[in-house]
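The values are calculated or read from the model by the stated rules, or taken from the named source; none is laboratory data. Given the structure is predicted, the values throughout are model-derived calculations rather than measurements. Glycine gets a Cβ as well: all are built from the backbone with ideal geometry, and neighbour counts include every protein chain shown.
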Amino acid sequence: MEDNSPEKNIPTNFIRQIIDEDLASGKFSCIKTRFPPEPNGYLHIGHAKSICLNFGIAADYKGTCNLRFDDTNPSKEDTEYVDSIKEDVKWLGFSWDGDVRYSSDYFDRLYGYAVELINQGLAYVDELSADEIREYRGTLTAPGRNSPYRDRTPEENLRLFEKMRDGGFEEGKACLRAKIDMSSSFICMRDPVIYRVKFQKHHQTGDKWCIYPMYDFTHCISDAIEGITHSICTLEFQDNRRLYDWVLEHISLNSPARPHQYEFSRLNLEYCLTSKRKLKLLVDEGYVDGWDDPRMATISGMRRRGFTPASLREFCRRIGVTKQENVVEMSALENCVRDDLNNTAPRAMAVLHPLRMIIDNYPEDKEEVLRAPNHPLNSQMGERDLPFTREIYIDEADFRETANKQYKRLVLGKNVRLRYGYVVRADSCEKDENGRVTCVHCTYFPETLGADMPDGQKVKGVIHWVSAKHAVKATVNLYECLFNVPNPGAAEDFLSTINRNSLTVIDSAMLESSLKGAKPGVTYQFEREGYFCPDSRHSSEDHPVFNLTVTLRDSFGKAEAGK
């Protein structure tokens, strides 16, 4: 038998153990999974876990994974969502098997299977209202009651189902229910609705249908039609596995081996929402700048913010796959992003809060080009030019008139090194009418380019800078978490937990000249500041806009705070 097991260095989990057993026993010879999103919103971080799991398993076992849209509710679906989901899957680095599939591809066959159940006396047309169905269903402690329409003959149910299909019932006036057990301890088995009337044009089938199958009826049949071996979903569908199996047991679908459903815990991330309904509300009500707002936990939002596919895949690998519900700390995600960008992000200098510095003993007409590595540990990334002139910008936080010994930046009468450049001494400063420093006058030491002070004096402080003449003026967006509480979804009013300071816009940042024309898709480390990327929506060569991806490590921040 061919060895289909994954490489040993791939972390195992209970699903992979099941797959190993199925392959060893000969139950399956090839693994086939699927990723089945509803096209009713943009994908979020929870979907990234599912994508990495389903596509990753298929790749590791040399199997295949389908991308199938669960498009059974056209009133909430849109081709915009279809396109965005396909883009997200590709961006994460995965490819689906064959063409994109849709549950609507199987509507004719699904209708035929519904007729089968009717003819077996296992489905009936119910004319109770939605509220009445809910009342008749019972509770967790009380059994349900049979609908007065439950004992219709198969012939009558078939005629009424055809009437539903032909538009003879108004929405909410009739539905098709599976005839199972109204006293079941599992509410999902108390005669669940499997078809409902919905006069809505479908983005794939147009006006062909005015009845649409429910998810629990559609999903298991679609899996079986496609030959899915392992149907992997999150724990909220655990009870529904009984309905998944019931449907497949009672239709005449020929399949080499019936698919089986397995459940894992969904991803819950601190300070984030993963409810598409609530995410959509944030978008529709203008609380955020679209589904791809960099503060959103959507894949498109994280892409716009500068997260990398590799960092999200690594995050999903680290958190693992279990049946235990837990909440993952935001720092776990940010550390994965930092770890990846620390190795891959080119370096640059940016002054977010510019303070003018004039080097009085540097000739006014002189201009030279200094050289700096694009990455301090990777010479293959090359070098960049840094124009150096008499007037430069430094950050406001890097100058004080007086300071204690713990402050290692620029102080009047003290020396500091300009990153990749000369040592300078602050001699004086100018202030406005409010006493705010507006300019610092310095002296530079020409012999210190790449060398120590001639007298052997150690200069401990290093600050970043940009040439005033060559600086690129830019807008920089700084982000905090969108919500003030770790679990906003648990709040009675989640909108009340929105962090009103989650976005800070800096309109007058000054960037080094190498960033002129920087394109979205590349994230840079602004030295001593953090990781930033050009905004995919608003950045242009004439007006660069950069988004904060993630700050530098906390240890760096703490060390810097003492300087």
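Scanning the range 32-56 for residues that are aliphatic (A, V, I, L, M) and crowded, with 23+ Cβ neighbours inside 10 Å returns L43, I45, A48, I51.
Conditions tested, residue by residue: (1) under 36 Å from the mean Cα position of the chain (by Cα); (2) crowded, with 16+ Cβ neighbours inside 10 Å.
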| site | (1), (2) |
| --- | --- |
| Y106 | yes, yes |
| A130 | yes, no |
| L140 | yes, no |
| R159 | no, no |
| M164 | no, yes |
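Listed by first and then second residue, the pairs linking a residue in the range 286-304 that is farther than 15 Å from C272 by Cα and not assigned by TED's automatic domain parsing to the domain that holds L43 to a residue that is part of a helix (DSSP H, G or I) and not charged (D, E, K, R), with Cβ atoms under 7 Å apart and 6 or more places separating them unless they lie on different chains, are G290/V283; R303/W91.
Considering S513, S502, S467, S496, the condition of being hydroxyl-bearing (S, T, Y) and touching a His at 6+ places or on another chain (Cβ under 9 Å) is satisfied by S513 alone. How many residues are closer than 16 Å to D360 by Cβ and of a type in the set (K, R) if we restrict to the range 415-445? So the count comes out to 1. Here N404 passes the criteria (1) within 16 Å of N361 (Cα to Cα); (2) modelled with pLDDT under 95 except the one numbered (1). Of all the numbered requirements in (1) in contact with an Asp or Glu (Cβ under 6 Å, 6 or more places away or on another chain); (2) of a type outside the set (S, T, N, Q); (3) free of Cβ contacts under 8 Å to residues at least 24 places away in the same chain, D493 misses one, and that requirement is (1). Of the residues in the range 207-215, at least one is within 40 Å of the chain's Cα centre (by Cα) and more than 20 Å from E116 (Cα to Cα). If you filter the range 404-420 down to residues that are without any contact (Cβ under 8 Å) to a residue 40 or more places away in the chain and assigned to a strand (DSSP E or B), you find that the one that is surrounded by the fewest Cβ atoms within 10 Å (Cβ to Cβ) is L412. Among (1) under 29 Å from D395 (Cβ atoms); (2) touching a residue at least 24 places away in the same chain (Cβ under 8 Å), which single condition is E270 missing? If we test E270 against (1) under 29 Å from D395 (Cβ atoms); (2) touching a residue at least 24 places away in the same chain (Cβ under 8 Å), just (1) comes out false.
Take G290 and tell me if it is out of contact with any Asp or Glu (no Cβ under 9 Å at 6 or more places or on another chain), within 28 Å of L495 (Cα to Cα) and surrounded by fewer than 18 Cβ atoms within 10 Å (Cβ to Cβ). So G290 passes the test.
Could you grab me the full set of residues in the range 147-192 that are in a helix (DSSP H, G or I) and among the basic types (K, R)? R159, K163, R165 - these are the residues of the range 147-192 that are in a helix (DSSP H, G or I) and among the basic types (K, R). Contact map, the range 99-128: residues that are in contact (Cβ under 8 Å) with a residue 12 or more places away in the chain and within 18 Å of W246 (Cβ to Cβ) paired with residues that are of a type in the set (D, E, K, R) and not in a loop (DSSP other than H, G, I, E, B), Cβ distance under 7 Å, separation 6+ or inter-chain. Pairs shown: A123/R177; Y124/R177; D126/R177.
In the set K458, K473, K469, only one residue is closer than 16 Å to L418 by Cα and of a type in the set (K, R); that residue is K458.
You will find that of R266, R317, R242, the residue that is under 28 Å from N335 (Cβ atoms) and touching a Cys at 6+ places or on another chain (Cβ under 8 Å) is R317 and no other. Looking only at the range 208-265, residues that are surrounded by 18 or more Cβ atoms within 10 Å (Cβ to Cβ) and acidic (D, E) come to 4 in all. For residues in the range 505-524 being hydroxyl-bearing (S, T, Y) and in contact with an Asp or Glu (Cβ under 8 Å, 6 or more places away or on another chain), which is farthest from L92 (Cα to Cα)? The extreme case among them is S513. Criterion first (out of contact with any helix residue (DSSP H, G or I) (no Cβ under 8 Å at 6 or more places or on another chain), surrounded by fewer than 21 Cβ atoms within 10 Å (Cβ to Cβ), aromatic (F, W, Y) and not in a loop (DSSP other than H, G, I, E, B)) does Y136 satisfy it? Taking the combined requirement at face value, the residue satisfies it. For the range 357-389, which residues satisfy the criterion of being of a type outside the set (A, V, I, L, M) and within 13 Å of V440 (Cβ to Cβ)? Correct list: D360 only.
Within the range 438-456, does at least one residue satisfy the condition of being assigned to a helix (DSSP H, G or I), touching a residue at least 24 places away in the same chain (Cβ under 8 Å), more than 26 Å from C272 (Cα to Cα) and not polar (S, T, N, Q)? For the range 438-456, residues assigned to a helix (DSSP H, G or I), touching a residue at least 24 places away in the same chain (Cβ under 8 Å), more than 26 Å from C272 (Cα to Cα) and not polar (S, T, N, Q): present.
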